[in-house]
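*Asks:* Got a structure here, written out as structure tokens. Questions coming.
Taken together, the values in this text are just the output of simple stated rules run on the coordinates, not laboratory data. Only a predicted model underlies this, so the values are computations on that prediction, with no experimental measurement involved. Neighbour counts are summed over all protein chains in view; Cβ atoms, including those assigned to glycine, are modelled from backbone coordinates with ideal geometry.
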Amino acid sequence: MKISSKMRNWLLLGIVVIILIILLYLLLSKKLEVQAPQLNEQPIVEEFSTPTETPLAILETDKVASNNQVPLDDRARTEVQLEKEASAFVERWVSLSNQDNFSNLAILKNQMTDRMINWTNKYIQENMPSSSNNKLYMGVEGQAIVANGNLKSETATSLTVEVKIRGKETIASTVNQPKIFYQDYQVDMVKSGGVWLVDKLTWGERQYQE
């Protein structure tokens, strides 16, 4: 039986359609097979990394450090400056010898009020060493180690600064070693004409180091 060309075309088209259907079936079957859950497959558990916790002590330290970095206001800056000036004043006051005729106190007069100058002049007259006491050298050196003041406000005109010094007392003798001592001073300062001056100075007994 002879097949016409038209019939042959329809047969070829049918074969192509059948092949496409088979390929599509195989493709869909493979996809479903991949997505199907495996009965013996263990469930996947995702692991999440726990953020490292910052110790409380470190947080507190950072908080304190942050507080310490707060800029000083005008009152605090003035207070710190006056503490430095009071410390320098006491160091100069303490550091003297029996041979310099209290020249160290004369230098300090430009930092004193008139009342303090008068008191200092009287103090020098009462404590001026005699010529016989000048034969053996005696000297004192002092260094401020603590200074504390409390300026109440930016407009305050008075301030008391507590200064603690560490001093060394020396006698020019081959048998005596320098004596180390500690001593507390109180510096009363007032603001006059826009300038801070020392108005009064008091001190306690020397505490010698054994």
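*Asks:* Nearest-5 percent of antiparallel DSSP beta bridges in region 74-208?
*Replies:* Taking every DSSP beta bridge within region 74-208, about 95 percent pair in antiparallel fashion.
*Asks:* Quick check for me: using +1 on Lys/Arg Cβ and -1 on Asp/Glu Cβ, what's the dipole size of region 156-210 about its Cα centre, in debye to the nearest 20?
*Replies:* Charge dipole of region 156-210: 160 debye, to the nearest 20.
*Asks:* If you don't mind, another one. Subtracting the Cα-Cα distance from 0.36 nm times the residue separation, let me have the gained length for Lys168 to Asn127 in nm, one decimal.
*Replies:* Working: separation 41, 0.36 × 41 = 14.76 nm, distance 1.96 nm.
Taking 0.36 nm per residue and subtracting the Cα distance, the gain is 12.8 nm.
*Asks:* How much length would be gained if the chain were fully extended between Arg8 and Asp73, taking 0.36 nm per residue of separation minus their Cα-Cα distance, in nm to one decimal? Let's see the in-between values first.
*Replies:* Numbers: separation 65, 0.36 × 65 = 23.40 nm, distance 10.35 nm.
Stretched fully, the Arg8-Asp73 segment lengthens by 13.1 nm.
*Asks:* Please rank Val140, Val163, Val146, Val195, fewest neighbouring Cβ atoms within 10 Å first, as an exposure proxy.
*Replies:* Ascending number of Cβ neighbours within 10 Å: Val195, Val146, Val140, Val163.
*Asks:* List nothing, just return the count: lysine pairs in region 88-208, 8 or more apart or interchain, with Cα separation under 23 Å.
*Replies:* Lysine pair count for region 88-208: 15.
*Asks:* Quick check: pseudo-label points 7 Å beyond the Cα along Cα→Cβ at Lys109 and Asn150, how many nm apart are they?
*Replies:* Distance between the two pseudo-spin positions: 3.6 nm.
*Asks:* Ratio to report: Rg/Rh of region 74-208, with Cα atoms as the point set and Rh obtained by the Kirkwood method; give two decimals. Present the calculation step by step, with values, prior to reporting the outcome.
*Replies:* Working: Rg = 16.2 Å, Rh = 15.9 Å.
On the Cα set of region 74-208, Rg over Rh gives 1.02.
*Asks:* With the crude spin-label approximation of a point 7 Å out along Cα→Cβ, what separation in nm comes out for Ser158 versus Gln177?
*Replies:* Result: 4.5 nm between the two label points.
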